[in-house]
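Let me begin by presenting the structure, written as structure tokens, before commenting on it.
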Amino acid sequence: MSIIESLRPFERNRIYDMVYAAGVDVSDWDNSKKGKVKNPAANPKYCYNWSFVEPGKVVVLNLWHDDLKEQDGDVTDEWNAREIAERGRSSVTKARAMAMDHAIQLAFKEKLPIRVVLCEGTKRNRNDPDSAASKVSFRFLDSEPWHVARYESGSGQCTLMRGLGGSANRYVDQFDMPVPEGGPAQKVPVKGSTHIRRPEVRRFALDRANGKCEYCGAVGFTMTNGQVYLETHHVVPLHEQGPDSVGNVVALCPNHHREAHHGNNRVEIRKKLQHKLASLAPNNSLQARRP
């Protein structure tokens, strides 16, 4: 069975549930111009949209299964939402298409992972604006994240590809997480300094770890947007004048990161990590990244 055939939808899932599962905040689906809605999943303000965005985190796109192409194991979809907007007669179609183009641009510029909802049913003829509206019979959320392999800013033509590829960061750490919003807090004067951690060093350590804790070998957990989470750690802490370099930074699972700071065996963990980094010394160069 081909990859595309294995991705053929046969489930009657709600778009609300899949968008939520992909990591998009759906709390506003409860609201409409007239107030609260009885069934948020059927809110027309959202449920018919072609794209959804969780800023800084993930983009969700609806794609037709029949549009997919497969070559040498790569699954792609050639798309031009801007062209659809320009040809569309309905203001609703134009708005949805332009929103999708904006979402694709955002994913391309910010290297955000894309989660794809694959649809099957009756598709409108794009070359005939008067044809009947599309009707989705089956849909499901692809478990594999996608990325924008190519985007032409002049025309809006793009290639969407299954898998994160090199255009999106597959691995993230605690410093990539958005700062949660909080309520009012008391302001107090604080004096002192903080250490600046170079993002390129963190990124190198995450890529080198390849999704596995560099202490125990456990695979980091997969987030809703498809990225793998580990935590970067300075083996010799910065406050002890440890260098902010790839020879002193490792990627750890959250448990061992906390243990490296607070555990009874933190000295032993430090020694083992220093030994591991020493064995990797020839490859611990920012110029030694995997392509």
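The values are calculated or read from the model by the stated rules, or taken from the named source; none is laboratory data. Only a predicted model underlies this, so the values are computations on that prediction, with no experimental measurement involved. Neighbour counts run over all protein chains shown; Cβ positions are idealised from the backbone, glycine included.
General observations
- Here the range 50-77 is the region considered, the condition is being within 27 Å of PHE175 (Cβ to Cβ) and surrounded by 14 or more Cβ atoms within 10 Å (Cβ to Cβ), and the residue that is modelled with the lowest pLDDT is LYS57.
- Some residue of the range 118-134 being part of a loop (DSSP other than H, G, I, E, B), assigned by TED's automatic domain parsing to the domain that holds PHE10, polar (S, T, N, Q) and within 21 Å of the chain's Cα centre (by Cα): no
- Residue within the range 30-39 that is within 14 Å of LEU141 (Cα to Cα), in a strand (DSSP E or B) and among the polar types (S, T, N, Q) present: no
- Among the residues making up the range 139-162, those that are surrounded by fewer than 17 Cβ atoms within 10 Å (Cβ to Cβ) and either within 30 Å of ARG197 (Cβ to Cβ) or at pLDDT below 90 (or both) are SER143, GLU144.
- Set ASN49, ASN62: member being in a loop (DSSP other than H, G, I, E, B) and within 21 Å of the chain's Cα centre (by Cα): ASN49
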